[in-house]
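Asker: Once you've had a glance at the structure underneath, I'll fire off some questions.
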Amino acid sequence: MLTFKTAVMLWLVAASVPLVISLVYFRASPATESLAQRIAVSLHGATVSVLCIGAVLVGMIGSPRPELGEMFRLLLVVPVALIAYSLWRFQGKRAIHLFQGINLLWLAFAFFLGGMAVTGVWL
C-alpha cells in the first residue's frame, strides 16, 4: 500500500512527463527561429506540469477549497490554447505532434485528479 508521501512523490515525478515533451519540442524547433518562438511552441507541456504540481501542492498544504475548482478548470484552458498554437506554428517535423496525445492524456488526468486535489472533494 502506498503512503501519502510516496503517492505524492510518484505524482510529482510523473508530472515531469509533459515537461520532457516541452523539451523535445524546443530541441526539435529549427535553430533559425527566434528564441521566443521556440519557447512559445514548446510551452504547452511545461504548463501542464505546473498545473499538476500546483494541484498536488494545494492538496498537500491542506488548503483545498471547492471555490478553487472553478479557477483550476479555467487554468486548464491555457495548455489547450498553447497546444493549438504549437500545432499551428511549429516548424519542425510534423511527426513530433504525436506527443500531443500524451499531453492531452496528462491534461485529462490533471482535470480529474488535480481537480479533486484542489477542491478537496475526492471520489
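Asker: Consider ALA55 against the criteria (1) at pLDDT 95 or above; (2) in contact with a helix residue (DSSP H, G or I) (Cβ under 8 Å, 6 or more places away or on another chain): it satisfies all of them except one. Which criterion is unmet?
Answerer: Single failed check for ALA55: (1).
Asker: Which one of these does VAL24 not meet: (1) under 15 Å from the mean Cα position of the chain (by Cα); (2) without any contact (Cβ under 8 Å) to a residue 60 or more places away in the chain?
Answerer: Looking at each condition in turn, VAL24 falls short on (2).
Asker: Restricting attention to region 13-32, which residues are of a type in the set (A, V, I, L, M, F, W, C), closer than 15 Å to VAL50 by Cβ and in contact with a helix residue (DSSP H, G or I) (Cβ under 6 Å, 6 or more places away or on another chain)?
Answerer: The answer is ALA15, LEU19, ILE21.
Asker: Could you tell me which of the residues SER16, SER34, SER42 is modelled with pLDDT of 90 or more, within 12 Å of ILE96 (Cβ to Cβ) and not charged (D, E, K, R)?
Answerer: SER42
Asker: Same structure again: Within region 105-123, work out how many residues are under 18 Å from LEU43 (Cα atoms) and exposed (fewer than 14 other Cβ atoms within 10 Å of the Cβ).
Answerer: So the count comes out to 2.
Asker: With respect to LEU74, is the statement that it is out of contact with any His (no Cβ under 6 Å at 6 or more places or on another chain), touching a residue at least 12 places away in the same chain (Cβ under 8 Å) and of a type in the set (A, V, I, L, M) true?
Answerer: No, not satisfied.
Asker: Inside region 58-74, can you point out the residues that are touching a helix residue (DSSP H, G or I) at 6+ places or on another chain (Cβ under 9 Å) and under 19 Å from LEU12 (Cα atoms)?
Answerer: VAL58, GLY59, MET60, PRO64, PHE72 - these are the residues of region 58-74 that are touching a helix residue (DSSP H, G or I) at 6+ places or on another chain (Cβ under 9 Å) and under 19 Å from LEU12 (Cα atoms).
The values are calculated or read from the model by the stated rules, or taken from the named source; none is laboratory data. Because the structure is predicted, anything quoted here is derived from the model rather than measured. Note: ideal-geometry Cβ built from the backbone for every residue, glycine included; neighbour counts use all protein chains shown.
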